[in-house]
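Before any comments, here is the structure.
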Amino acid sequence: MRIALGVSGGIAAYKACEIVRRLTDSGASVQVLMTRNAERFITPLTLQALSGRAVATDAWELASDQTIKHIDMARDLDAFVVAPATANILAKFAQGVADDLLSTFYLAVTAPVVVAPAMNTRMWLHPATQEAIRTLRSRGVAVVDPESGWLAEREAGVGRLASPETIVAESLRAARRGRSLAGKKIVVAAGPTREPIDPVRYLSNGSSGKMGYAIAAGAARRGASVVIVSGPVALAAPFGTRVVQVESARQMRDAVMVERASAHAVFMVAAVSDYAPKASPSKIKKTAGPLTLVLEEGPDILAELGRTKGAEILVGFAAETDDLIANAAKKLSAKKADFIVANDISAAGLGIGSDRNAVTILGRDGSSVTVPEASKVEIAEAILDRIFGPDAA
Ligand code: C5P
């Protein structure tokens, strides 16, 4: 497995050492490329010693034998990983600027690209950086999101490089990418629903859609044609997916029933409202005393999919605060699903709205696989591996 690791000039450049070590330990041969600014933070010699290969630093070596090898490597690469990726290099990638070795190399690479941004919070949140990230994602670049925590400038915020472990896992996944779901249609219902109370108010919940979108992105990376039936969320459509926007449970039900036709699998990851008020056609006026809303039962989409199930694989989710496994097992048989992914939402920092999760996957065959706490991207991969088998190239 051949991986090129681009290192750009941020304080987190020293963490590239750990990334190189972990990649080589996994059997990858690693070619390091550094920007001039990265050399201010860490010497090429260190990364050369760890990777066992001369580090490429200069675009003007174009005539030398060494650089011709780099161009060859851009051709035969399994993945190109940039960690840390500065705001500058992300902006250059997004714009196609090729004024140094790393940015020129990016344009020459056809292998999967992974970027792990690291920078000051304000730089990360700047619309210019966010726009660059959106552009790169829309081209299929995998972005390993920075984490929140203490940054080098003794400020707390988002922008810290993700852990070397996460970056390496994402890099290996990109490098080993197979096309095991090519030609298969996968439907994912994700996010919350909104049940109107009147023209301006609604009942909803705190689902961010992150778990469902991570599953959709993972399935698309494996070559599936993916449709996300999505409640209102603040997430961009992952590369290679089509999003059908809905609001209410009723609309979600209708869209899922249309999209399930010829689907290989349907994932109900959405936090669907079980009840809906009878919506008032005009805005409800404030009056003295309490207001009573009468809620009526809405559609149970997963149960309907189970009742009318064809050959498709049906996967439900169970977010529980009590008796996780017992309740999930009940749901598995009551809803006639093939798998129920159970997550305990009583644990702090996990589940709904969070970036992390821990799940147990129950199968109709009585199997039970526990996936310990990890990012939702990693949890999504574990779920896809369990249901469809690993995606080795
Ligand atoms: O029993 P419960 O409704 O909690 O089951 C959760 C599972 O059912 C999830 O997969 C969720 O997407 C789905 N669901 C549904 N329609 C509902 C409520 C939940 O499809 N009205």
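The values are calculated or read from the model by the stated rules, or taken from the named source; none is laboratory data. Everything numeric in this text was worked out from a predicted model, so none of it was measured. When we count neighbours, we look across all protein chains shown, and the Cβ atoms used for this are built from the backbone with ideal geometry, even at glycine. For accessibility, only protein heavy atoms count, side chains too; no ligands or nucleic acids. Shrake-Rupley method; radii C 1.70, N 1.55, O 1.52, S 1.80 Å.
How many residues does the range 41-66 contain that are in a helix (DSSP H, G or I) and either crowded, with 17+ Cβ neighbours inside 10 Å or at pLDDT 95 or above (or both)?
Total satisfying the criteria: 9.
Listed here are the residues, each with its yes/no results for (1) in contact with a Ser or Thr (Cβ under 9 Å, 6 or more places away or on another chain); (2) farther than 24 Å from Asp385 by Cα; (3) part of a strand (DSSP E or B).
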| residue | (1), (2), (3) |
| --- | --- |
| Ala111 | no, no, no |
| Ala132 | no, yes, no |
| Thr135 | no, yes, no |
| Asp145 | yes, no, no |
| Gly149 | no, yes, yes |
| Leu172 | yes, no, no |
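Identify, by number, the condition in (1) open to solvent by less than 70 Å² (accessible area, probe 1.4 Å); (2) away from the ligand (no atom under 12 Å from the Cβ); (3) out of contact with any strand residue (DSSP E or B) (no Cβ under 7 Å at 6 or more places or on another chain) that Asp300 doesn't meet.
(2)
In the range 169-207, what residues are under 26 Å from Ala4 (Cβ atoms), touching a Pro at 6+ places or on another chain (Cβ under 7 Å) and open to solvent by 20 Å² or more (accessible area, probe 1.4 Å)?
Arg177
Please work out which residue is farthest from the ligand (Cβ to nearest atom), limiting yourself to the range 340-353 and to residues that are assigned to a loop (DSSP other than H, G, I, E, B) and not aliphatic (A, V, I, L, M).
Residue satisfying both the conditions and the ranking: Gly349.
May I ask you to list the residues in the range 322-336 that are open to solvent by 80 Å² or more (accessible area, probe 1.4 Å) and not acidic (Asp, Glu)?
Those that are open to solvent by 80 Å² or more (accessible area, probe 1.4 Å) and not acidic (Asp, Glu): Lys330, Ser333, Lys336.
Report, by residue number, each residue of the range 291-302 that is in contact with a Phe, Trp or Tyr (Cβ under 7 Å, 6 or more places away or on another chain) and either of a type in the set (D, E, K, R) or in a loop (DSSP other than H, G, I, E, B) (or both).
The answer is Glu296, Glu297, Gly298.
Tell me, please, whether a residue that is more than 16 Å from the ligand (Cβ to nearest atom), in contact with a Lys or Arg (Cβ under 7 Å, 6 or more places away or on another chain), farther than 16 Å from Phe317 by Cα and open to solvent by 30 Å² or more (accessible area, probe 1.4 Å) can be found in the range 276-297.
Yes, because at least one residue in the range 276-297 is more than 16 Å from the ligand (Cβ to nearest atom), in contact with a Lys or Arg (Cβ under 7 Å, 6 or more places away or on another chain), farther than 16 Å from Phe317 by Cα and open to solvent by 30 Å² or more (accessible area, probe 1.4 Å).
If you go through the range 162-200, how many residues are within 29 Å of Ala392 (Cα to Cα) and within 16 Å of the ligand (Cβ to nearest atom)? Give the steps one after another, and end with the answer.
To start, the set of residues in the range 162-200 that are within 29 Å of Ala392 (Cα to Cα) comprises 162-190.
Subset that is within 16 Å of the ligand (Cβ to nearest atom): 186-190.
Result for the range 162-200: 5.
Considering only the range 208-224, I want to know if a residue exists there that is open to solvent by 50 Å² or more (accessible area, probe 1.4 Å) and either more than 16 Å from the ligand (Cβ to nearest atom) or part of a strand (DSSP E or B) (or both).
Scanning the range 208-224 turns up at least one residue that is open to solvent by 50 Å² or more (accessible area, probe 1.4 Å) and either more than 16 Å from the ligand (Cβ to nearest atom) or part of a strand (DSSP E or B) (or both).
Only one of these conditions is not met by Glu259: (1) within 26 Å of the chain's Cα centre (by Cα); (2) more than 15 Å from the ligand (Cβ to nearest atom); (3) open to solvent by less than 100 Å² (accessible area, probe 1.4 Å). Which number is it?
(2)
Could you look through the range 303-339, keep only residues that are assigned to a helix (DSSP H, G or I) and of a type in the set (Lys, Arg), and pick out the one that is nearest to the ligand (Cβ to nearest atom)?
Step one: list which residues in the range 303-339 are assigned to a helix (DSSP H, G or I), which gives 303-307, 324-334.
Now restrict to residues that are of a type in the set (Lys, Arg): 307, 330-331.
Details: Arg307: 12, Lys330: 8, Lys331: 5 Å.
Once the filter is applied, the top-ranked residue is Lys331.
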